[in-house]
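To keep things clear, I will list the structure first and then write my remarks on it.
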Amino acid sequence: MGNSTATADLDVALEKHRTELTGYCYRMLGSSFEAEDAVQDTLVRAWRSYDRFEGRSSLRSWLYRIATNVCLDMLSASNKRARPMDLTESTPLAQAALSPRPDNTWLEPMPDGRVLPAVEDPAEAAVAKESVRLAFMAALQQLPPKQRAVLILREVLAWKASEVAELLGTTVASVNSALQRARATLAEREDRGAAAAVSDPLDEEQQELLERYVRAFEGYDMTALTALLHEDAVMTMPPFDLWLTGHQDITGFMTTLGAGCAGSRLLPVQVNGLPGFAQYKPDPEAGGFVPWAIQVLEMSDGRLTGFHFFLDTQRWFPLFGLPLHLEGESHQVEEGV
């Protein structure tokens, strides 16, 4: 490796690519934690084999080649991560039961800051955000791993077919054919979540919808919440496979099985290219509030079309850099978002 200056320079050069590589591995794997492991593995492999890097391609495309191989190795042994609505039918509230499935079943949430590098071009930023939204991520997970890589590299990262062919060690014709098949699969899967119409930044109507949501949820006002929900709104709660559809079942759940969420506080987070909240429930024993869920909200035409509660707080709150306890007075309802 040479002297310590060269080593430090290489560390800096590799580290510069961490966020975009995490975004790539996250789209490939559907898991926040596996993506971060894959990137760490990629950077370690690059560091160890840098003396064999001949500079025929850019450092960036060499890193993507390593990351692709790491992800393909991880995917060969893994299942397809999914949302609850990809696995079961919607359950009527009367039959609602909370049955958890193993962690590796689920598509996982990811903070925007870990996967969306800062870019100058607003159109490029919009594509990047759309490509980590839950519905698109769930559709990606249905593609065979190689097709998934081709689609992400070509459509999301705007690589040329010849660059992707070189990275995968295949032909341009083969890349184009894989892209066509991947596009056809995604077109078949266009579903209600795929078109979550969230502008970037949020427009005035969307901002107001979020503020009304915070007031309704923190006040646990089901009438106000019903007014914000699309008639086909969906609610999911991984790791439980239960999912509910329609405002009657959703608000019915919240006042029965979910009644413990009354009096919660919400802190805004940026998650999966969508607006979201860290939900803290009242802590009757110690006072203040304890983590309960990372909420990811989908909206369209001035209504909420989906809200997804990721409940594994010991994993998610540290990932988002959130405290594991809130004092009682630290977040007042009037603050809005």
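The values are calculated or read from the model by the stated rules, or taken from the named source; none is laboratory data. Keep in mind that this is a model prediction, so the values were computed, not measured. Here Cβ is always computed from backbone atoms with ideal geometry, including for glycine, and neighbour counts include all displayed protein chains. Each accessible area value is taken on the protein alone, full model and side chains, heavy atoms only, with ligands, DNA and RNA left out. Shrake-Rupley method; radii C 1.70, N 1.55, O 1.52, S 1.80 Å.
Among the GluC sites (Glu not before Pro) in segment 1-79, those located in a DSSP loop and surrounded by at most 12 other Cβ atoms within 10 Å of their own Cβ are E54.
The dipole here belongs to the chain: it is taken about the Cα centre, uses +1 on the Cβ of Lys and Arg and -1 on the Cβ of Asp and Glu, and is about 1420 debye.
In the chain, the DSSP-assigned H stretches of four residues or longer account for a calculated mean residue ellipticity at 222 nm of -13500 deg cm²/dmol, using -39500 (n - 2.57) per stretch and the full residue count as denominator.
With a cut-off of 8 Å between alpha carbons and a minimum separation of six or more residues, what is the relative contact order of the chain in percent?
Values: 506 pairs, mean separation 58.8, N = 337.
It rounds to 17 percent for the chain.
Per-residue surface analysis assigns H247 an accessible area of about 60 Å², computed on protein heavy atoms at 1.4 Å probe radius. Scanning residues 5 or more positions from L229 or on other chains, those with amide H under 5 Å from its amide H are L304, with H placed 1.01 Å from N in the peptide plane.
Here the dipole of segment 79-197 is about 360 debye; that uses its Cα centre as origin and unit charges on the Cβ of Lys and Arg (positive) and Asp and Glu (negative).
If the segment from S58 to T255 were pulled out straight at 0.36 nm per residue, it would be longer than the present Cα-Cα gap by 65.3 nm.
Cα convex hull, segment 93-207: 165 Å³ per residue, rounded to a whole number. The slack in the chain from N79 to A97, taken as 0.36 nm per residue of separation less the alpha-carbon distance, amounts to 4.1 nm. When the Gaussian network model of the chain links Cα atoms closer than 10 Å, the mean-square fluctuations of A149, A293, A224 top out at A224.
If you rank W47, W243 by how much accessible surface each has, with a 1.4 Å probe, what is the order from largest down?
Numbers: W47 90, W243 20 Å².
Output order, biggest surface exposure first: W47, W243.
Please report the carbon-and-sulfur percent of the accessible area for the chain; probe 1.4 Å, protein heavy atoms only, DNA, RNA and ligands left out. The partial results should precede the final answer.
Working: 7780 of 15490 Å².
Carbon-and-sulfur percentage of accessible area, whole number: 50.
Out of every Cα-Cα pair in the chain, what percent are more than 30 Å apart? Roughly 39 percent, rounded to a whole number.
For segment 159-175, backbone phi angles converted through the Karplus equation (6.51, -1.76, 1.60; θ = phi - 60°) give residue-by-residue couplings of 6, 6, 4, 5, 5, 5, 4, 5, 4, 8, x, 9, 9, 4, 4, 5, 5 Hz, Gly and Pro being listed as x.
Contact order for segment 207-317, expressed relative to its length and based on alpha carbon pairs under 8 Å spaced 6+ residues apart, stands at 25 percent.
Ranking W62, W316 from most to least accessible surface, computed with a 1.4 Å probe over the protein chains only, gives W62, W316. Given the options A128, A184, A82, state which has the largest fluctuation in a GNM of the chain using a 10 Å cut-off (strictly under) for Cα springs. Looking only at A128, A184, A82, the largest GNM fluctuation is found for A184. Karplus-based coupling profile of segment 120-132, in residue order and whole Hz: 6, 7, x, 5, 5, 4, 5, 4, 4, 5, 4, 7, 10, with θ = phi - 60° in 6.51 cos²θ - 1.76 cosθ + 1.60 and x standing for Gly or Pro. The accessible-area ordering, largest first, of the residues E124, E298 stands as E124, E298, per a 1.4 angstrom probe.
A simple spin-label model places pseudo-atoms 7 Å from Cα toward Cβ; at V172 and L72 they are separated by 2.1 nm. Exposure check, 1.4 Å probe, all protein chains in place: V290 carries approximately 50 Å² of accessible surface. Rank T256, T68, T22 by mean-square fluctuation in a GNM of the chain with C-alpha springs under 10 angstrom and give only the top-ranked residue. Result: T256 has the largest fluctuation of those listed. The alpha carbons of segment 196-289 stretch over 40, 27, 27 Å along the principal axes, in descending order. Residues whose amide H lies under 5 Å from that of R83, counting only those 5 or more places away or on a different chain, are L107; hydrogens are built 1.01 Å from N in the peptide plane. In order along segment 252-258, the phi-based Karplus estimate (6.51 cos²θ - 1.76 cosθ + 1.60, θ = phi - 60°) of 3J(HN,Hα) comes to x, 5, 5, 9, 10, 4, x Hz; Gly and Pro are listed as x. Per residue, the solvent-accessible area of the chain (1.4 Å probe, heavy atoms of protein chains only, all protein chains present) comes to 46 Å².
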